[in-house]
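The values are calculated or read from the model by the stated rules, or taken from the named source; none is laboratory data. Since the model is a prediction, treat every value here as computed from it, not as a measurement. Here the Cβ positions follow ideal geometry from the backbone for every residue, glycine too, while neighbour counts run over all protein chains shown. Ligands, DNA and RNA are stripped out before the accessible areas are found, and what is left, the full protein with its side chains, is counted by its heavy atoms. Shrake-Rupley method; radii C 1.70, N 1.55, O 1.52, S 1.80 Å.
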Amino acid sequence: RAWQSKNDAKAEWRQNRQTCPNFNGLQPMHKPFSTGLVWFRRDLRVADNAALFHALKNCTKVHCVFVFDTEILQHLPSQDRRVAFIRESLVELDELLRAVALQAGVEASLAAQLGLIVLHGNTLKEIPHLAKQIEAQAVFANHDDEPAALGRDAQVRGGLANAGIAFHTYKDHVVFERQEVLTLAGNPYTVFTPYKNAWLKKIQPEDLAAHPVAEHASALVPRPAQFRLPVPTLPDIDFENIDLKALHYKSGVSGAQALLEDFLHRIDRYEETRNFPAIKGPSYLSVHLRFGTISIRQLALEAWRRYKTSEGASVWLSELIWRDFYAQILANFPHVTERCFKPDYDAIPWDHGPHGKALFAAWCEGRTGYPLVDAAMAQINQTGYMHNRLRMVVASFLTKDLGVDWRWGEKYFAQHLIDFDLSANNGGWQWASSSGCDAQPYFRIFNPVTQSEKFDPKGKFIKRYLPQLAALEGADIHAPWEAKPLALQAAGITLGKDYPLPVVNHAEAREKTLARYAVVKKSS
């Protein structure tokens, strides 16, 4: 009996050890840190937030912070849709922290005093300083693999280490990151289809399981008195107010969930509708993925559950896997932020002179004379969003019709897209210019007229953003310069006055592009 009792005790000890990593065999699990600080960045939600979960699980007391980083903000225009989106999302995040604490049993009087600490300053100074002020032993954040962010985190880590404070980071922005999906030779994938196949082979339900934040939310504690302030307004941080509702953006976690619920009703038709900009086809969740107001695990799980029975869900899952693919390309090949993924393509002689700059200005301002291109540029300039099919069309047009460096277009998108994400934006531009990994062949050149006829056949999208062309019908809406004089007169359009003539002839531009890319053909 004594032998049996001893073995039972060992079995119980082993079980406790497995279920509770910090179990010491003598007392209940002890949290390793008394005070922790969660640093929100591109993960503006409470539910299924990896860093928040680990902080709550490992700290007796947890505070939360977001920093409006002046080193980033100083380069932005005074009206910036992304800053406005972040600000509105922070207001909701602040409320959600109090709500989840209440649900976890925190007294109402204490829950009312907790919430998000929002700072405005240099992150390199603010995070270590705040951590010391609240006597934190550890700071928790989620990974950000953009080169500038990695440099920032390294400096913050050093500043915290000097004060004896730990810095823990976690995967949260993608399903599989960095080198989690590798070839049999142990190298990062550079071609999408094999990557996708490996991704699908590797994925398991636990990879998409949500972090149970609510179960541990009682560790949230009131903010110090000097930080019990509302989220600053845009003027408080030197920005002008923007009405996101007028732009039809729904910010925050609630906005993301509303969009997801709407999309799930039409996900089965995604493959049929996603390429037509005048149709409600996309999920419109890209901005929420960018700022983490929704979990990638939640979205991937919704798609994964359906992908074998729904073509629409299967295609949407592929789009989410593309996102992981480009993120791991950036993490493993950071040179893509400045140079072509394929070194040979750095030899392409782009038009960087006055002529190229004039063509680039026409592209930016939507006056190329090609209606679908100009309508797409009007969309991004007016709303900060551009339909994905149109992103491919305008990128191909800039690089292969106008002969302008893809980096110029990439930078313009980075300045104007509300859903700008470095890895996806870079991957998309290098795909269109044929300089990236698994890119379209250099000789594949979109014809902007046939793209218009195929994906906006009735010109509904064009007419929405180019009302001066609204009276044109049939083929004329796609190529006004080919319209008969009477048709233009009836529509009240004088080309060169009411709408520009084409800045290039597509057929001629195509031949010039093939000659320009000849340096690549020779080197290969």
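Observations
- Summed over segment 179-218, residues that are among the aromatic types (Phe, Trp, Tyr) and in a loop (DSSP other than H, G, I, E, B) total 1.
- Test set (1) outside any helix (DSSP H, G or I); (2) closer than 30 Å to THR293 by Cβ; (3) open to solvent by less than 10 Å² (accessible area, probe 1.4 Å) - PHE420 fails condition number: (3)
- Single match in GLY164, GLY105 (criterion: open to solvent by 40 Å² or more (accessible area, probe 1.4 Å) and in contact with a Ser or Thr (Cβ under 6 Å, 6 or more places away or on another chain)): GLY105
- Flag for ASP324 being within 27 Å of TRP199 (Cβ to Cβ) and charged (D, E, K, R): yes
- Among the candidates ALA256, ALA219, residue that is touching a helix residue (DSSP H, G or I) at 6+ places or on another chain (Cβ under 6 Å) and more than 27 Å from ARG323 (Cβ to Cβ): ALA219
- Residue selected from segment 255-283 under the condition part of a loop (DSSP other than H, G, I, E, B) and open to solvent by 70 Å² or more (accessible area, probe 1.4 Å), by the criterion nearest to GLN451 (Cα to Cα): ILE279
- Residues in segment 66-94 that are aliphatic (A, V, I, L, M) and open to solvent by 20 Å² or more (accessible area, probe 1.4 Å): ILE72, LEU73, LEU76, ILE86, VAL91.
- Single unsatisfied condition, PRO457 versus (1) in a helix (DSSP H, G or I); (2) within 17 Å of HIS387 (Cβ to Cβ); (3) without any contact (Cβ under 8 Å) to a residue 40 or more places away in the chain: (1)
- Considering residues of segment 229-254 that are charged (D, E, K, R) and at pLDDT 95 or above only, the residue most open to solvent (accessible area, probe 1.4 Å): ASP238
- Count - residues of segment 48-65 that are surrounded by fewer than 24 Cβ atoms within 10 Å (Cβ to Cβ), over 18 Å from the mean Cα position of the chain (by Cα) and not in a helix (DSSP H, G or I): 3
- Taken over segment 110-158, residues that are open to solvent by 30 Å² or more (accessible area, probe 1.4 Å), on the phi > 0 side of the Ramachandran plot and in contact with a Lys or Arg (Cβ under 8 Å, 6 or more places away or on another chain) amount to 0.
- Of all residues in segment 19-45, exactly one satisfies the criterion of being among the hydrophobic types (A, V, I, L, M, F, W, C), open to solvent by 10 Å² or more (accessible area, probe 1.4 Å) and either at pLDDT 95 or above or under 14 Å from ALA141 (Cβ atoms) (or both), namely PHE33.
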